[in-house]
Each structure stands twice: as C-alpha cells, then as structure tokens.
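Q: Sharing a structure below in structure tokens format, with a few things to ask.
The values are calculated or read from the model by the stated rules, or taken from the named source; none is laboratory data. The model shown is predicted, which means the values in this text are computed figures rather than measured ones. Because the Cβ atoms are built from the backbone with ideal geometry, glycine has one as well, and the counts that use them run over all protein chains shown. Quick note on the areas: whole protein, heavy atoms, side chains included, nothing else; ligands and nucleic acids left out. Shrake-Rupley method; radii C 1.70, N 1.55, O 1.52, S 1.80 Å.
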Amino acid sequence: MSRLTLLLLLLFVLVVPGTAGAASPDVVVSQVYGGGGNSGAPFANDFVELFNHGSTAIDVTGWTVQYATSSSTSWSKTTLSGNIAPGHYYLVQESSGGTSGSPLPAADTVGTINLSSTSGKIAVVRGSTSLTCGASPGSCASDTSIADLVGYGSAADYEGSGAAPGLSSTTAAMRADAGCNDTDNNDSDFSSSAPDPRNSSSAQHDCGSSPPPPTGPSASADATVTADVSSTITISLSKTAIDFGQISSETPIPSIAEDVTVNSNDSAGYLLSVHRTAFTPDDLPLALSAQAPAGGQLNPVFAGGAKAAVPIAPSADLQIGSTAAVSGAGGDVWPTGVGFLEPLPLSRGGVHTATLTFTAIGR
C-alpha cells in the first residue's frame, strides 16, 4: 500500500460520524415529563431530567436541551450551565400547561419549552446550534453534537429500534435503573411511570458494574431460623418516695400523684394490683384512686375518681386494672393518686411509715 493511500484511509476514518447513542458515554436523559399543570397532573411544570452515569464530573455549560414535536425538524432549546457530578441528576424545568400540580424540586436550570404530554423528541446537545433532524428514524444519528436522544410516543426519530412509551398528564418516561441503563434503544431503556423529578441535590446513584450472575449448575438448601424471645414485664414509678409532710388528724389530706408505668411484651396482657404494709407506729387508712391508659380496663371501684382502701399484705391485692395486649410504645402509664380515706383518725404524733407495692403480672 502506498503512503498516499494510507493517508487517505486514515482521513476517512477520522471524519466518519458516530451515532447519537455512541456519543453518549456519560450524560443521558433519565426522565421526561410533559404533563405539567394539566388537569390531574402531580406537578405544575414539564421537566427533563439528566443523569451522569459516568465516573467523572461533566461540565455542561453551553450545552442545550432541545425539543421538537413528533415529526418536526424545528427544535426549541434551553441552555444549560454548571457541572453534573458522577451519579447525580440535573433538573431542567420547562413550561406549564395549566395550574394543576405541586411545584417541582428546585430546578438546576429553567426553560420555557412546552413539551407534549404524549409524544415528542428530546435531545441533549453539546452546544447551542439548533438541530435540523428528526423527521425519520435514524435521521439524527449522524449528528455528533447529540449526547443523547429520546423519542417518546409516536416520535418519528429515536434511538434504537423504537421510541419510549407514550406519556400522559400523570406519567413520565423513566430510564431504567434510575438512569444507569443505556443500551441506546429508547424502547427498552424507558418505561412509563409516575413522575419523580430529581435534581443535583438528590442522593447519588452509583452505576458501578456488578459481576454477571453465575450461569453454571446450582443447588440450594433451606435452614429454619428460630429465635425464642423471652417474655418480659417491667414496672416503674414516677416517685419512689411519697412524703405527705406534716399532717393533722381530722383534716382532709390532698392525694399525691403517682404514675405507674408498665412495659409488657405479653400478647395476653397483664394485671396491675397494689398492696401495702401497715403504718408504724399506728396504722393509717391509706387509699388509692386510679385511671386507665388507652386500651386498659379499670377496676370499677375507681369509677368517677373514687378512692379505694389499699389492703395490707398478706390480704389479697387491690386490683387496679388489666390489659389484653402488649403495652404501647413507651409503656402503659396508669395515673394513680395516693391519699387517705376520710377522715384521718386520731393517731400518735411523729413520723408514720409504710411501704406501698405495685405489682404487674402477665396473664
């Protein structure tokens, strides 16, 4: 082969244009929505969402997102700026078809294009020159300024063997794997789903390559996993010491609040009761009032805020109430009031002490 022939062959290789799909290693259209503001629309504006599925940041300053109707070769455009980090999104807000829907998340750039809610063409272009292709399948493939092309619905041009699904006021064209799937075939790369706009502040999505699943012979076995959770029940008091201070016989004594909290994982519930020791040196008529937590059953003797005498052990406990389920979050709180039955009898002077015991028992 002569030197001249080799030179001409190399020049030919350098000027052969690539396809739009081959020119799209990083930034792709990950979502298209054209129903913004329409009746029943979830969002007030149309939008195009871009995604960088590469491993380095891409500067899109001076790039454009361009739109044309299904068969048109006349394209409208929105200018981009800034960088798209690897695994991150870039939200392009466009026009609105009405007043329905919520505002989009903060857009990374804003345009005025009114996208079709059913069919159209979207192109990501490395530059500001308006496209002139799009009248037939593959007509945009030779334009190397196109980073990505998406035809949806009845679009006349698209990547691959067919267009992405047609859309509606409530559905968007969504690229599979949150934007990572790019086989240069709109028909298989996109599906129709509820719009979910993401911007540069959205969480990063890693498109890291995963090893292919093994294809050789396989076998599996099952193991039964058992965990026996022990039954537990605990009880706590808001006061571990109740002091009435100095009191006088034959004088009404205000009750003191005592919240009793029970935690139980017994699905059958529990019983809550109370008893006491006798006061020394002289016994005093200790009494209790009580209320039930949500889901609890209160002993009728406490109805209407009534007091009941607290029995002295070994007499049977006074039942406060019960439940028939596990305790609620944070435990079941039983508000009680510790006081005396009226009137307080004449007793010797000095400090009188007793021990009050609350008990919770699983049913």
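Q: Ignoring ligands and nucleic acids, what accessible area does residue 76 show with a 1.4 Å probe (Å², nearest 10)?
A: Looks like 60 Å² after rounding.
Q: OK, next. Tabulate in residue order the Karplus-calculated ³J(HN,Hα) for segment 293-300, using 6.51 cos²θ - 1.76 cosθ + 1.60 with θ = phi - 60°, rounded to whole Hz; enter x for Gly and Pro.
A: Couplings: x, 4, x, x, 10, 8, 4, x Hz.
Q: Also: In degrees from 0 to 90, rounded to the nearest 10, what is the angle of the helix 3-15 Cα long axis to the longest principal axis of the chain?
A: It works out to around 40 degrees.
Q: Excluding ligands and nucleic acids, what accessible area in Å² is computed for residue 159 using a 1.4 Å probe, to the nearest 10?
A: Approximately 10 Å² for this residue.
Q: Here is a follow-up. Show me, bin by bin at 20 Å from 0, the whole-percent P(r) of the chain based on Cα pairs.
A: Binned Cα distances yield the sequence 23, 24, 17, 22, 11, 2, 0.
Q: Further question: On the full set of protein chains, 1.4 Å probe, figure out the accessible area of residue 332 and give it in Å² to the nearest 10.
A: Here the residue's solvent-accessible area equals roughly 10 Å².
Q: I've got another one for you. Using only the Cα atoms, work out Rg/Rh for segment 85-169, with Rh taken as the Kirkwood radius, to two decimals.
A: Rg/Rh: 0.98.
Q: Viscosity 1.567 mPa s, temperature 4 °C: Stokes-Einstein D of segment 115-219 from its Kirkwood Cα radius, in µm² per second?
A: For these conditions, the coefficient is 84 µm²/s.
Q: Using packing as a proxy for protection, rank 174-183, 296-305 so that the peptide with the highest average count of other Cβ atoms within 10 Å comes first.
A: 174-183, 296-305
Q: Still on this structure, I have one more. Please list 3J(HN,Hα) in residue order for segment 250-263, calculated via the Karplus relation 6.51 cos²θ - 1.76 cosθ + 1.60 where θ = phi - 60°; whole Hz, with x for glycine and proline.
A: In residue order, the calculated couplings are 6, 10, x, 10, x, 6, 10, 6, 9, 8, 10, 10, 10, 10 Hz.
Q: Tabulate in residue order the Karplus-calculated ³J(HN,Hα) for segment 342-356, using 6.51 cos²θ - 1.76 cosθ + 1.60 with θ = phi - 60°, rounded to whole Hz; enter x for Gly and Pro.
A: Per-residue couplings from phi come out as 8, x, 6, x, 5, 9, 4, x, x, 7, 10, 10, 8, 10, 9 Hz.
Q: Does segment 204-316 come out rounded, prolate or oblate, given a ≥ b ≥ c as the square roots of the eigenvalues of its C-alpha gyration tensor, rounded meaning a/c under 1.5 and, failing that, prolate meaning a/b above b/c?
A: prolate
Q: Let me ask something else about it. Using only alpha carbons, build the gyration tensor for segment 300-363 and give me the equivalent ellipsoid semi-axes, biggest first, whole Å.
A: 28, 14, 12
Q: To continue, here is another question. Working from the pairwise distances between different alpha carbons, so that the mean of 1/r is found and then inverted, what is segment 166-267's Kirkwood radius in Å?
A: The answer is 22.9 Å.
Q: Across all directions of projection, what mean area in square nanometres is found for the Cα convex hull of segment 283-324?
A: Orientation-averaged projected area of the Cα hull: 3.5 nm².
Q: Could you list which residues have their amide H under 5 Å from that of residue 334, counting only those 5 or more apart in sequence or on another chain, with H placed in the peptide plane?
A: Hits under the 5 Å cutoff: 260, 261, 262.
Q: Kindly provide the helix-only [θ] at 222 nm of the chain, computed as the sum of -39,500 (n - 2.57) over DSSP H runs of four or more divided by all residues, to the nearest 500 deg cm²/dmol?
A: Taken over the chain, the calculation gives -1500 deg cm²/dmol.
Q: Another question about this same structure. Expressed in nm to one decimal, what extension gain is obtained for the pair residue 277 and residue 251 from 0.36 nm per residue of sequence separation less their Cα-Cα distance?
A: Separation in residues times 0.36 nm, less the Cα-Cα distance, equals 7.1 nm.
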